[in-house]
Amino acid sequence: MRTIEDINYFNDPRTQGPAAEDHVLYYYNEATGDNEVIELPTCWVVCGVCHGEGKHVNPSIDCGGISSEREDDPDFREDYLSGVYDVRCYTCLGKRVVKGVNWEALSEDHRLAYEEQLDYEDMVRREAMAELRMGA
């Protein structure tokens, strides 16, 4: 049971910490044969974790789900819904916005390469979660 709770916790976007300030593309330039690190253009976007609220429920409270004991407790329910368990957003640090890639300012080549990079990073994360489920 503990492993399932750990997986739920690690998969919860609220536990990922502050948003990365560097939005870079690791790009192989076929014309020159060089690996390049390209800083991508950014713009301010609404935080996808707190949805612009600047706060969210502490993931330690509900990340693994809410037990039936707590769910049936009217005091807990009232506290939960009123924000007693809210914390400052771990991603935007309460600012309600984060820097995101300005997709409209990207060239077609950079956009495709960045999408591929994001897919690769997602695959690595999913593999790490699979290893965690297997007990590694």
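The values are calculated or read from the model by the stated rules, or taken from the named source; none is laboratory data. These numbers were taken from a predicted model, which means no experiment stands behind them. Neighbour counts are summed over all protein chains in view; Cβ atoms, including those assigned to glycine, are modelled from backbone coordinates with ideal geometry.
Yes/no per residue for (1) at pLDDT 95 or above; (2) among the aliphatic types (A, V, I, L, M); (3) farther than 30 Å from Y26 by Cα:
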| position | (1), (2), (3) |
| --- | --- |
| L81 | no, yes, yes |
| V87 | yes, yes, yes |
| N102 | yes, no, no |
| D109 | no, no, no |
| A113 | no, yes, no |
| V124 | no, yes, no |
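Of the residues contained in the range 98-110, one or more are found to be surrounded by 14 or more Cβ atoms within 10 Å (Cβ to Cβ), touching a residue at least 60 places away in the same chain (Cβ under 8 Å) and touching a Gly at 6+ places or on another chain (Cβ under 9 Å). Residue-level check: of (1) charged (D, E, K, R); (2) assigned to a loop (DSSP other than H, G, I, E, B); (3) within 15 Å of the chain's Cα centre (by Cα), R14 misses just (2).
Within the bounds of the range 4-21, is there any residue that is under 30 Å from R133 (Cα atoms) and without any contact (Cβ under 8 Å) to a residue 12 or more places away in the chain? The answer is yes; a qualifying residue exists.
Looking at the range 57-103, the helices (runs of 4 or more DSSP H) lying wholly inside it that each contain 1 or more residues that are β-branched (V, I, T) sit at 59-62. Screening Y26 on (1) surrounded by fewer than 16 Cβ atoms within 10 Å (Cβ to Cβ); (2) in a loop (DSSP other than H, G, I, E, B); (3) aromatic (F, W, Y) shows it passes everything except condition (2). Residue pairs whose Cβ atoms lie under 7 Å apart, sitting 6 or more positions apart in sequence or on different chains, and linking a residue in the range 22-39 that is within 13 Å of A113 (Cβ to Cβ) and of a type in the set (A, V, I, L, M) to a partner that is part of a strand (DSSP E or B) and modelled with pLDDT under 90, are I38/Y27. Here D72, D79 are screened, and the one residue that is farther than 24 Å from A113 by Cα, surrounded by 12 or more Cβ atoms within 10 Å (Cβ to Cβ) and either of a type in the set (D, E, K, R) or out of contact with any helix residue (DSSP H, G or I) (no Cβ under 9 Å at 6 or more places or on another chain) (or both) is D79.
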